[in-house]
Each structure stands twice: as C-alpha cells, then as structure tokens.
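Remarks on the structure that follows.
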C-alpha cells in the first residue's frame, strides 16, 4: 500500500509539472499582480485545449493531495 501511494504521489507530481508547463501564460507572471484588479480578477473564458489542461491540472492536484493525505493518515 505504501509503495502504491508513493508511486501515485510521485507520478501525479511529475504530471502536474508537465501539464502546468504546457499551459499558456495568462499574464506577465508576478508582474501581473502589480497591475489593475481587472487583470487579476477579470472574467476569462477558457475554451478548447486550455480548458482540458486546466481540468487535468485540477484532477491531478486532487490525486496528489489525496495520496499524500492517505500516506499521512495511515502513518506509513
């Protein structure tokens, strides 16, 4: 069980990194934080491949979180 959860956490973390790197930048990085609030909190419609990558990122993040939570819970 320990090996399975560790492998799941490792694979999901690597996949999260890859999927996030594939996504397009929505702003100028941290420099976007100094801009107006409309840039930071404005409505952005996501379609096509961006939507798929965003959903994959959320799913992989949940898998990563749950696998680490289970590792901690079982105290292995």
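What follows is calculated from the coordinates using simple rules that are stated; it is not laboratory data. For clarity, every value in this text was computed on a predicted model and none was experimentally measured. In this analysis, Cβ positions are derived from the backbone assuming ideal geometry, glycine residues included, and neighbour counts consider all displayed protein chains.
As a proxy for reagent exposure, ranking 57, 72 by other Cβ atoms within 10 Å from fewest up yields 72, 57. Taking 0.36 nm per residue of separation and subtracting the current Cα-Cα distance, fully stretching the chain between residue 17 and residue 49 would add 9.8 nm. Rounded to the nearest 0.05, the FRET efficiency derived from the C-beta distance between residue 68 and residue 24 at R0 = 25 Å is 0.35.
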